[in-house]
1. Going by the conditions given, is residue 54 surrounded by fewer than 18 Cβ atoms within 10 Å (Cβ to Cβ), among the polar types (S, T, N, Q) and without any contact (Cβ under 8 Å) to a residue 12 or more places away in the chain?
2. Restricting attention to segment 60-92, and to residues there that are more than 16 Å from the ligand (Cβ to nearest atom) and under 11 Å from the mean Cα position of the chain (by Cα), which single residue is surrounded by the fewest Cβ atoms within 10 Å (Cβ to Cβ)?
3. Condition first: out of contact with any strand residue (DSSP E or B) (no Cβ under 6 Å at 6 or more places or on another chain) and either on the phi > 0 side of the Ramachandran plot or not small (Gly, Ala, Ser) (or both). Now tell me which residues in segment 35-50 satisfy that.
4. When the residues of segment 182-234 are filtered to those that are of a type in the set (Phe, Trp, Tyr) and over 16 Å from residue 134 (Cβ atoms), which remaining residue is surrounded by the fewest Cβ atoms within 10 Å (Cβ to Cβ)?
5. For segment 123-159, how many residues meet the condition of being among the basic types (Lys, Arg), closer than 29 Å to residue 103 by Cα and part of a loop (DSSP other than H, G, I, E, B)?
Amino acid sequence: MHFLTTLLLTATAVQAHYTFPRLVVNGKTAEDKDWSATRKTKNAESKSGIENPSAADIRCYQSSNAANVVTVPAGATIHYISTQQVNHPGPTQYYLAKVPSSASVTSWDGSGAVWFKISTTMPTVDQSTKQMTWPAQNEYVTANATIPKSTPDGDYLLRVEHIALHMASQANKAQFYLSCTQVKISGGGSGTPGPLVSLPGAYKTNDPGILVDLNKIAQAPSTYQPPGPAVWKG
Ligand SMILES: *[C@@H]1O[C@H](CO)[C@@H](O)[C@H](O)[C@H]1NC(C)=O
């Protein structure tokens, strides 16, 4: 019986790929079905990640725009539902990009130096077991983040990303899982978000948070350097 259980667990782990098709705002599902305001990703069926951090797909990985827009109050807590258990070690990051006034959130492509990071996560190590874990690891949801209260009102693309680092000691073997949602931020403020980066552009294959030996991070978890710009806290 134990042997069988182990086999089943192993089989599950091998197929551990996932997508993030639904946004949750303040604990309530903001989309009544998958890919409603979240742009359907190219891996919607295969669930496979992106391994090249310079690929065009690193921006939104999208196969199509979405029909709807979700209203998100500034200050809200957000996360995503994952189609599978997010069982790989690695950080969860969130970005926003403001839609230019000349464009529409349902068709804008998110090009240019327009993306700012609003959240990232760091690992912790249990001192008794020496086991390293990351926020929301092994959950069927992504880690929570807060939309900064001073984010200016308007239409944005919201991008969630989980970087699976289990093979990341080899170049181009970290796996990026991500999606972008069309949102309207309301009740915000007059902050000046930044630094602003391009996607692709913000990540390089050899970034210390992408080409990384997790055994070393487990010795000193606070030394992990999440890739991309500093977090804008509002
Ligand atoms: C994440 O936020 C939701 C509300 O949106 C809350 O119910 C949940 O407890 C939070 N999870 C963690 C790990 O803080």
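None of the figures in this text is laboratory data; all of them are computed from the coordinates on show. It should be emphasised that the depicted structure is a prediction, and the values quoted were computed from it without experimental measurement. Heads up, the Cβs are rebuilt from the backbone with ideal geometry, glycines too, and the neighbour counts pull from every protein chain shown.
1. So residue 54 does not fit the description; no.
2. So the residue we want is 60.
3. 35, 40, 42, 43, 45, 47
4. In this case the residue turns out to be 232.
5. Residues meeting the conditions: 1.
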